[in-house]
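First the structure, in the form of structure tokens, and then the observations on it.
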Amino acid sequence: MAKALDGVRILDFTHVQSGPTCTQLLAWFGADVIKVERAGTGDVTREQLRDIPDADSLYFTMLNHNKRSVTIDTKNPEGKKVLETLIKTCDVLVENFAPGALDRMGFTWERIQELNPQMIVASVKGFGPGPYEDCKVYENVAQCAGGAASTTGFDDGPPVVTGAQIGDSGTGLHLALGIVTALFQRTKTNRGQKVLAAMQDGVLNLCRVKLRDQQRLARTGVMKEYPQYPNGTFGEAVPRAGNASGGGQPGWILKCKGWEADPNAYIYFITQAPVWAKICNVIGKEEWATDPDYATPAARLPHLKEIFAEIERWTMTKTKFEAMDILNKYDIPCGPILSMKEIAEDESLRKTGTIVEVDHPVRGKYLTVGNPIKLSDSPTDVTRSPLLGEHTDEVMTELGYSAQQIAALRTAGAI
Ligand code: CAO
């Protein structure tokens, strides 16, 4: 079946995580993604966190599926010429170098426009224009600067970063949307444009509800769904809310049967207002359904701690899966805390292509996360990541270079 982005050519100058997640998504939607790497080393993640000697790491393979790899030394004059040829034939250049690196290479926006006025140049940077625009940034820096760390964790502990890579993969996702939007606009303007996704901005976008709460706090001095209410104190900034729900329906993580030995024997439980009476029935507190101190969401807010303690007395008698089965019968929103081991073994996720087993010539079989976005007319087939420079000759031939020219460029260290 044809793919949504068939015919779109991406010059993929990305490395590490944020940029590669973006171009991997575009490849999954059918774009021809040509990853340009330095000969000899390539993307630094090829050798980071290796679990098999001399094999591309899982870090690399899991971020670079469905791409082709060419090696070009873009600081070599001949290599620069090859890159220029590539720029002329591609629709989008995606990069996440440190600020200024592309300019230092000689490929300024103006130069790229000269070579290909239709080219979209998409960049991930740590920060947008401003005091930190020249900084190098990794995941957790973005989580801290984007407001996630100050609002994650418990009130009596330090700021905490989350395991979800919202700075890297989250920004890659933002950038991918920017690229397809620019491609769409190009169909009307026939012009390229710059697309910037700053990691701080991406994280803040995902922390939008916390900026909402900052303003509520400034106005009212209290947030009644936060664990600090009614007995704790609020300062000037949004506090860490533990496992409280970020929305209007109070929730918390509760112990389930086996929690003493299993660090993931927990369930997330939401006391959604319309099912309050059902919750009271399930946990054996029928009287709370009509008691004026518990019957309405507003009345419950000062009692949330006590309410969740009572619900936990019930969840501790069930495994997280038993609790899930029972609660779902009554439409009570809840979610088991799944370990990565449980997710890796989940058959339903494999059936949908969300977890995929891939075979690799050097490392053998491994699991990866497939495309989380499913298009009915553009299905994703996950293919292994390329070996370093695996497609150099193929791509150079497509660009019109003869075998002799390729050999000469290789001897000159340009590719
Ligand atoms: N041939 C020749 N040189 C190449 C090349 C190639 N094919 N590909 C890259 N290079 C060179 C660049 O020209 C640059 O050289 P200069 O520093 O001399 O200009 C250098 O390699 C790239 O360096 P970098 O500064 O981007 O890499 P780093 O490892 O020092 O920093 C990172 C990594 C991620 C901190 C930085 O790239 C960055 O801040 N990127 C933007 C934010 C971002 O995406 N962060 C998330 C990364 S995922 O956690």
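The values are calculated or read from the model by the stated rules, or taken from the named source; none is laboratory data. Keep in mind it's a predicted model, so treat the numbers as computed, not measured. Cβ atoms come from the backbone with ideal geometry, glycine included; neighbour counts cover every protein chain shown. For accessibility, only protein heavy atoms count, side chains too; no ligands or nucleic acids. Shrake-Rupley method; radii C 1.70, N 1.55, O 1.52, S 1.80 Å.
Where in the range 328-343 does the label zone of A277 land, with the point 7 angstrom along Cα→C-beta and an amide N cut-off under 19 Å?
328-333
At a threshold of 8 angstrom on Cα-Cα distance, excluding pairs fewer than six apart, so keeping six or more, what relative contact order does the chain reach in percent?
Here the relative contact order equals 19 percent.
If you take all C-alpha pairs in the range 144-233, what percent of them are over 21 Å apart?
Of all Cα-Cα distances in the range 144-233, 49 percent exceed 21 Å.
From the phi of every residue in the range 36-46, what ³J(HN,Hα) in whole Hz does the Karplus formula 6.51 cos²θ - 1.76 cosθ + 1.60 yield, where θ is phi - 60° and glycine or proline is x?
9, 10, 7, 4, x, 10, x, 3, 4, 6, 4
So, with a 1.4 angstrom probe, what is the percent of accessible area on the range 307-397 that is carbon and sulfur?
56 percent
List residues of the range 125-141, by number, whose backbone nitrogen lies under 16 Å from a label position 7 Å along Cα→C-beta of K194.
Output list for this probe position: 125-135.
State, in angstrom, two size descriptors of the range 205-279 derived from its alpha carbons: Rg to one decimal place and Dmax to the nearest whole number.
14.8, 44
How far is it, in nm, from the label point at K305 to the one at T397 when both lie 7 Å from their Cα along the line to the Cβ?
Using points 7 Å along Cα→Cβ, the separation is 7.1 nm.
Could you please put D54, D381, D393, D32 in sequence from largest to smallest accessible area, using a 1.4 Å probe?
Largest accessible area first, the residues go D54, D381, D393, D32.
Taking every pair of alpha-carbon atoms in the range 335-399, what share in percent sits in each 10 Å bin, from 0 to the bin with the longest distance?
P(r) over the range 335-399, rounded to whole percents: 17, 35, 30, 13, 4, 0.
Please state, as a whole number in µm²/s, the translational diffusion coefficient that the Stokes-Einstein equation yields for the range 270-395 at 25 °C and 0.890 mPa s, with Rh defined as the Kirkwood radius across alpha carbon pairs.
The calculation lands on 131 µm²/s.
Of the options W276, F321, G246, report the single residue whose Cα projects farthest towards the positive end of the charge dipole of the range 235-341 (beta-carbon charges: Lys, Arg +1; Asp, Glu -1).
Most positive-ward Cα: F321.
Determine the dipole magnitude for the chain: charges of +1 sit on the beta-carbon of Lys and Arg, -1 on that of Asp and Glu, nothing else is charged, the reference point is the Cα centre, and the result goes in debye to the nearest 20.
Roughly 720 debye, rounded to the nearest 20.
Roll a 1.4 angstrom probe over the protein heavy atoms and tell me the percent of accessible area of the range 224-282 that is carbon or sulfur.
The nonpolar share, carbon plus sulfur, comes to 50 percent.
To the nearest 10 square angstrom, how much accessible area does W288 have with a 1.4 angstrom probe?
Around 10 Å² of this residue is reachable by solvent.
Springs between alpha-carbon atoms under 10 Å, Gaussian network over the chain: tell me which of E345, E37, E390 tops the mean-square fluctuations.
Sorting by GNM fluctuation, first place goes to E345.
Considering Cα pairs under 8 angstrom that are at least six residues apart, work out the relative contact order of the range 7-141 and quote it in whole percent.
Relative contact order for the range 7-141 comes out at 26 percent.
Can you pull the Kirkwood radius for the range 234-319, inverse mean 1/r over Cα pairs, to one decimal in Å?
Value: 13.8 Å, from the Cα pair sum.
Ratio of alpha-carbon Rg to the 2.2 N^0.38 Å globular estimate for the range 109-158, to two decimals, please.
Against the empirical 2.2 N^0.38 Å value, I get 1.76 for the range 109-158.
With a 10 Å cut-off between alpha carbons and a GNM built on the chain, which of N140, N76, N116 moves the most?
Its mean-square fluctuation being the largest, the pick is N76.
If you build a Gaussian network model of the chain, linking Cα atoms that sit under 10 Å apart, which residue out of V358, V180, V282 swings the most?
Largest GNM mean-square fluctuation: V282.
Would you mind listing how long the range 44-148 runs along its three principal axes, going by Cα atoms, in whole Å with the largest first?
Largest first, the range 44-148 extends 40, 40, 24 Å along its Cα principal axes.
Translational diffusion coefficient of the chain at 37 °C, 0.692 mPa s, Stokes-Einstein with Kirkwood Rh over Cα pairs, in µm²/s as a whole number.
In µm²/s, the coefficient rounds to 135.
Per residue, what accessible area does the chain have, given a 1.4 Å probe and all protein chains present, in Å²?
50 Å²
Under the definition of Cα pairs under 8 Å and six or more residues apart, what whole-number percent is the relative contact order of the range 227-381?
Relative CO of the range 227-381 lands at 20 percent.
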